[in-house]
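The values are calculated or read from the model by the stated rules, or taken from the named source; none is laboratory data. What you are looking at is a predicted structure, and each value in this text was computed from that prediction instead of being measured. Because the Cβ atoms are built from the backbone with ideal geometry, glycine has one as well, and the counts that use them run over all protein chains shown. Calculation scope for accessible area: heavy atoms of the full protein, side chains included, ligands and nucleic acids excluded. Shrake-Rupley method; radii C 1.70, N 1.55, O 1.52, S 1.80 Å.
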Amino acid sequence: MELRADLRSILQYLPLVAQSSSLVWPPSVEEELQTISRGPSESMVNSGEALALHITNMRKSLSLNASDLAPYALQGYGLFFDKKISREESANFFGEVVPALCRLLLQLPSMLEKHYQKADHVLDGVKSGLRLLGPQEAGIVLLSQELIAALLACSFFCLFPEVDRSLKNLQGINFSGLFSFPYMRHCTKQENKIKCLIHYFGRICRWMPTGFVSFERKILPLEYHPHFVSYPKADSWANSVTPLCSIEIHTSGAIEDQPCEALEVDFADEYFGGLTLSYDTLQEEIRFVINPELIAGMIFLPRMDANEAIEIVGVERFSGYTGYGPSFQYAGDYTDNKDLDIFRRRKTRVIAIDAMPDPGMGQYKLDALIREVNKAFSGYMHQCKYNIDVKHDPEASSSTKIKFVFAKQHVPLTSDSASQVIESSHRWCIDHEEKKIGVATGNWGCGVFGGDPELKIMLQWLAISQSGRPFMSYYTFGLQALQNLNQVIEMVALQEMTVGDLWKKLVEYSSERLSRRTWLGFFSWLMTSLST
């Protein structure tokens with residue numbers, strides 16, 4: 001296999017080496033994997049302590065430094081598998097799961113070669129191969145669930161090179177942070193994150209999923225272009241005559257359990273995945289451990305800029321859970337019954353958008369309002385219009401084609417046609433029902449990030465409405481600050497406010513907050529303003 005540009009961009013971050021025209025494991029690593037794959041009776045890998053020893057040996061064979069791992073991570077493997085779970089669970093994991101993971105890893109070179117052979121043909125010539133997809137680089141990567149499983153197995157065995165990842169604004173991807181001994185020893189939530197992940201490995205080793213997952217970096221161009229919707233300025237939002245979309249309010253439940261077909265918002269960090277592979281447990285990290293295939297995006301997706309979002313379609317949910325933060329607990333198996341689309345992706349759409357951290361009073365400045373509404377808009381907006389001629393199977397031959405048509409006319413924000421399909425980047429749309437799909441979201445940037453929930457819901461309402469989405473399902477998680485939300489929505493509806501009308505109210509209120517002419521929350525201020 002020739003060394004393709006996409007492969008070259010990611011090869012230094014993979015544990016494999018290019019040999020002639022093929023990808024291979026270093027011989028000593030392959031030998032270790034072969035030994036462990038034959039089971040504990042031959043490998044003697046029957047405990048966390050023994051597993052840690054073999055991880056150390058494989059890392060040495062890959063010339064990886066022990067100092068690159070989180071503190072005392074290898075002791076953490078011993079603690080978890082030998083102390084934190086039952087003997088029966090541990091025996092099953094080392095007897096069945098670990099050998100199966102090693103057999104999967106032995107297939108990784110051939111899986112990657114097969115992936116690259118097909119990568120230019122799945123989307124009719126559009127690049128979809130595994131590659132470093134950096135900031136301001138719009139594009140899509142389409143991976144099989146089997147390939148994702150193998151990549152995550154590399155993370156479990158801590159085989160990924162960590163050197164230079166930070167130079168490309170990439171997160172650490174090995175699981176050593178999860179097993180970091182000082183934190184895990186006293187942290188129940190840490191144990192439960194690991195339980196979700198080893199449950200995933202157990203599931204895929206018993207039955208390997210056969211679907212696909214796409215990861216797309218979406219960009220709202222900063223410069224004006226006649227064919228693309230560009231980064232809107234304040235005047236564009238103020239002049240919009242687009243009607244506000246409908247809202248459904250849920251005071252209980254979780255975004256991932258929403259019954260409709262909708263974009264499910266991931267309250268992201270600018271680094272995709274945030275603290276998933278560390279000792280913390282925020283809402284984003286919960287989503288990543290119950291849908292572990294999301295973690296694969298951390299391998300090749302560097303941090304997001306202010307005009308970017310990441311959309312993931314097809315991830316399967318494997319675990320149930322209860323609680324949040326310190327009370328988070330793994331709650332057993334979960335069967336995901338979502339349908340598959342024509343690309344054999346599960347119809348689960350996750351959109352990652354990062355809010356401003358610790359904004360304080362700065363969140364009421366005009367630049368901050370523009371940043372937040374455009375960040376949401378970059379994630380929610382439609383991308384293109386298209387015609388699909390035939391159903392498509394990613395495993396089919398390259399002769400199976402899909403015809404796409406770009407939306408070439410410029411669609412200004414002042415358009416009153418909320419159903420117009422627009423395009424933000426040189427992206428080929430592969431979702432033939434996107435314009436019917438709403439958004440399921442919640443208190444974006446309002447937890448540890450410290451955002452004003454009354455402000456944030458209005459900014460999201462504006463972005464979702466302007467993007468042409470038909471509805472917003474909003475999960476308040478019982479937040480007291482939003483108890484008057486229904487009353488506010490009803491009053492706004494009676495006034496028949498447009499996106500531009502509501503934007504101007506937000507700007508006016510924020511100006512008064514900054515100048516200390518009001519100390520009211522936005523809801524109280526708005527109802528007073530509309531009443532008079």
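Listed by chain and number, the aspartates and glutamates whose C-alpha is less than 13 Å from the C-alpha of Lys114, apart from same-chain residues fewer than 8 away, are Glu2, Glu146, Glu395.
Order these peptides, 200-213, 367-380, by their mean beta-carbon neighbour count within 10 angstrom, highest first.
367-380, 200-213
In the structure shown, the pairs Lys168/Lys375; Lys347/Lys504; Lys347/Lys436 are assessed against 25 Å; a Cα-Cα span above that value is assigned to Lys347/Lys504.
Between the Cα long axis of helix 485-494 and the first principal axis of the chain there is an angle of about 40°, rounded to the nearest 10.
Computed over the chain, the per-residue total of -39500 (n - 2.57) for DSSP H runs of n ≥ 4 gives a 222 nm mean residue ellipticity of -10000 deg cm²/dmol, rounded to 500.
Among the GluC sites (Glu not before Pro) within the range 1-90, those in coil by DSSP and having at most 12 neighbouring Cβ atoms inside 10 Å are Glu2. Label reach from Arg87 (point 7 Å along Cα→C-beta): in the range 29-53, amide nitrogens under 18 Å belong to 40-41, 45-50. For the range 211-323, the relative contact order comes to 38 percent (Cα pairs under 8 Å, sequence separation of at least 6).
A probe of 1.4 angstrom, applied to the heavy atoms of all protein chains, finds Lys504 with accessible area near 100 square angstrom. Once the dipole of the chain is set up with Lys and Arg at +1 and Asp and Glu at -1 on Cβ about the Cα centre, which of Leu101, Ser166, Ser473 lies farthest towards its positive end? Highest projection toward the positive end goes to Ser166.
Remark: accessible surface ordering of His225, His382 (largest first) is His225, His382, probe radius 1.4 Å.
Over the range 29-188, with the other protein chains present, what is the accessible area per residue in square angstrom, probe 1.4 angstrom?
Heavy-atom accessible area per residue stands at 41 Å².
The range 182-233 gives an Rg/Rh value of 1.35, both radii derived from C-alpha positions and Rh following Kirkwood. DSSP beta bridges fully contained in the chain are about 60 percent antiparallel. Close amide H partners of Ala440, meaning residues 5 or more places away or on another chain with modelled amide H under 5 Å apart, are Leu263, Glu264, Val265, Ser473.
Compute the relative contact order of the range 135-272 as a whole-number percentage, counting only Cα pairs closer than 8 Å that sit 6 or more residues apart in sequence.
On the way: 87 pairs, mean separation 42.4, N = 138.
For the range 135-272, the relative contact order is 31 percent.
The GluC sites (Glu not before Pro) of the range 163-232 meeting both criteria, a DSSP state outside H, G, I, E and B (loop) and at most 14 other C-beta atoms within 10 angstrom of the site's C-beta, are Glu223.
Over the range 153-282, with every protein chain in place, what whole percent of the accessible area is carbon and sulfur at 1.4 Å, could you tell me? Solvent-exposed carbon and sulfur of the range 153-282 make up 53 percent of the total.
For the chain, the relative contact order comes to 16 percent (Cα pairs under 8 Å, sequence separation of at least 6).
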